[in-house]
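Contents: one structure, followed by commentary.
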Amino acid sequence: MKAPIRIGIVGMGGFAASHHHAIARLEDRGVAQLICTCDPQLDSFIGEQTAWRLATRGVRVFHDYRTMLEACHRDLDVVVLPTPIQLHAEMHAAVTSFGLPTYLEKPPTLDYAELDRMIGADARARKATQVGFNFIIEKLRLTLKERLLNGEFGAIRGATLNARWPRPASYFHRNNWAGRLLIDDKVVLDSCFGNAMGHFVHNLLFWTGTGELFSWAQIAAVRAELYRAHAIEGADTFLVETDTTAGITMRFALSHVGSGPSTHSEIVLCDKATLRYTVGGAIDIRWLDGRTETYQLEPYDPLMENHLHFFRYLRGEISRPATTLAESRPLVTLNDLAYISSGRITPIPASKIAAVRDEKEQKDYISVTDMTPVFDNFLVRGLWPGPTVWGREPGEVVTPADLARLHDIVRAMAKG
């Protein structure tokens, strides 16, 4: 039997708790062993430490990740970093300084310059970092990407992402970085686009990568309009259009505004067929000659499957992680250029906003009356809401050559 992968997890709260649960299940299967964990607020997680049986499992517990690494690095195969975005770079640097591989939650960073530094630091580790964009390794997704690359559907002409995850006002007060642009002059850019639904943005870039199977679109030009309806520093609604270096046009419409169930649809437009992919749902292929194909997605536990994939890579059974730091660059570039193009975050007119109380959840949501037609007109017809609906000038067309403007523009946005 193969020796279990020895793991350290930084953090206990937030999404770190989900990683703790996943690793515990993998430990029960004999493929993983949690060696150590840490959290600067250990006393707040006494109940979790008991529920997770950390003491009986022999898990060493620390207040500080640096102390944990110093004490345990010789006993570890990998360190999991499901921590706030603004801490990723410094923690990743500390982990790689010991030569250890990292499972890093997405996004790795949303600062293009910091990403370059992280890619450099990653060369010190025994194995490449895996970034937790969790849907790339779905089996049907990979099969469909192979069919795209083989030309079965004809040339890719365009792709769209329509994703709305309603979030209550309390969502933006759950920690000190939610919906923030900067913290202590450090770029954060937390939003639905770069963070919460960054999975789906990364997915669309994957569909339109025209190289090998694990390839992502490269960004040529971007135009965007960013809006907010919630009382936050950042944006909660993104309308983004990008052209890739392969000549494919993509449009993204994402928002945390609204109430009710979340919606999500990835669409790839090809010469011979249109492909619609819904995470957790189905694949629907409609051919121009009238044929249809529908596939229900198999049960899929993102964290479990991504950890297992990384374990196989760490053991040398497969050649690569699901997504590397370098393969995160298209998402980070697109996200940064969206801010640069928009230039400012525009409040959605108050006359269009209504408060919605969910009595079952006992939470308050915000609704925008014309959100659905705005999204449809943009995704289908390329009509921007700025000039005629939500009252702002169009965003400028920018390219990767404009990335150097990011920090000044974000600082100006944060000042209002």
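No lab work stands behind these numbers, since they all come straight from the coordinates. If you're wondering where the values come from, they're calculated on a predicted model, not measured in any experiment. Quick reminder, even Gly has a Cβ in these numbers, built from the backbone with ideal geometry, and neighbours come from all protein chains shown.
Give the Rg/Rh ratio for region 5-132, taking Rg as the radius of gyration of the Cα atoms and Rh as the Kirkwood radius, to two decimals. Intermediate values should be presented prior to the final figure.
Details: Rg = 13.9 Å, Rh = 14.6 Å.
Looking at region 5-132, the ratio lands at 0.95.
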Unit charges at the beta carbon, dipole of the chain: most positive-side option, Leu76, Thr333, Pro101:
Leu76
In degrees between 0 and 90, to the nearest 10, how far off the longest principal axis of the chain does helix 139-149 point, with axes built from Cα atoms?
50
With +1 on the Cβ of every Lys and Arg and -1 on the Cβ of every Asp and Glu, the dipole magnitude of region 1-140 about its Cα centre, in debye rounded to the nearest 20, is 600
Estimated 222 nm signal from helices in the chain, with DSSP H stretches of n ≥ 4 weighted -39500 (n - 2.57), rounded to 500
-8500 deg cm²/dmol
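For a quick check: sort Arg329, Arg124 by the number of other beta carbons within 10 angstrom, fewest at the front. Could you put the intermediate results ahead of the total?
On the way: Arg329 20, Arg124 13.
Going from least to most buried by this count: Arg124, Arg329.
Holding the Cα-Cα limit at 27 Å, pick out from Lys186/Lys360; Lys106/Lys360; Lys2/Lys127; Lys106/Lys272; Lys186/Lys352; Lys106/Lys127 the pairs that are longer than that.
Details: Lys186/Lys360 38 Å; Lys106/Lys360 31 Å; Lys2/Lys127 19 Å; Lys106/Lys272 34 Å; Lys186/Lys352 33 Å; Lys106/Lys127 18 Å.
With Cα atoms farther than 27 Å apart: Lys186/Lys360; Lys106/Lys360; Lys106/Lys272; Lys186/Lys352.
Given a Förster distance of 35 Å, report the FRET efficiency between Gln362 and Arg6 from their Cβ-Cβ distance, rounded to the nearest 0.05.
Details: r = 42 Å, r/R0 = 1.21.
The value I calculate is 0.25.
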Shape call, region 319-410: gyration tensor on alpha carbons, a/c limit 1.5:
oblate
Quick numbers on the chain, Rg and Dmax over C-alpha atoms in Å, give 21.5, 65
With the Cα gyration tensor of region 22-71 giving a ≥ b ≥ c as the square roots of its eigenvalues, does the rule (a/c under 1.5 for rounded; else a/b larger than b/c for prolate; else oblate) give rounded, prolate or oblate?
oblate
Inter-centroid distance (Cα atoms) of region 70-106 relative to region 362-399, Å:
39
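Please tell me the relative contact order of the chain in percent, rounded to the nearest whole number, where contacts are Cα pairs under 8 Å and at least six residues apart.
Numbers: 846 pairs, mean separation 67.2, N = 416.
About 16 percent, as a whole number.
Only Cα pairs under 8 Å and at least 6 apart count here; give the relative contact order of region 5-132 as a rounded whole percent.
After rounding, I find 24 percent.
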With no solvent and one equal point scatterer placed on each C-alpha of region 58-172, evaluate the Debye formula and give log10 I(q)/I(0) for q = 0.13, 0.16, 0.18, 0.23 Å⁻¹, two decimals.
-0.72, -0.91, -1.01, -1.23
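Only four residue types carry charge here, +1 at the Cβ of Lys and Arg and -1 at the Cβ of Asp and Glu. Report the dipole size of the chain about the Cα centre in Debye, rounded to the nearest 20.
Details: 45 positive and 48 negative charges, 88 e Å.
Value, rounded to 20: 420 debye.
If you build the convex hull over the alpha carbons only and average its shadow over all orientations, what do you get for region 145-212? Give it in nm² to one decimal.
Numbers: hull surface 25.9 nm².
The orientation-averaged projected area of the Cα hull of region 145-212 comes to 6.5 nm².
Over region 168-285, what is the relative contact order in whole percent, taking alpha-carbon pairs under 8 Å and six or more residues apart? Show your work: numbers first, answer last.
On the way: 177 pairs, mean separation 20.3, N = 118.
Here the relative contact order equals 17 percent.
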Can you work out the base-10 log of I(q)/I(0) for region 206-291 at q = 0.24 1/Å, using the Debye formula on its C-alpha atoms alone?
-1.24
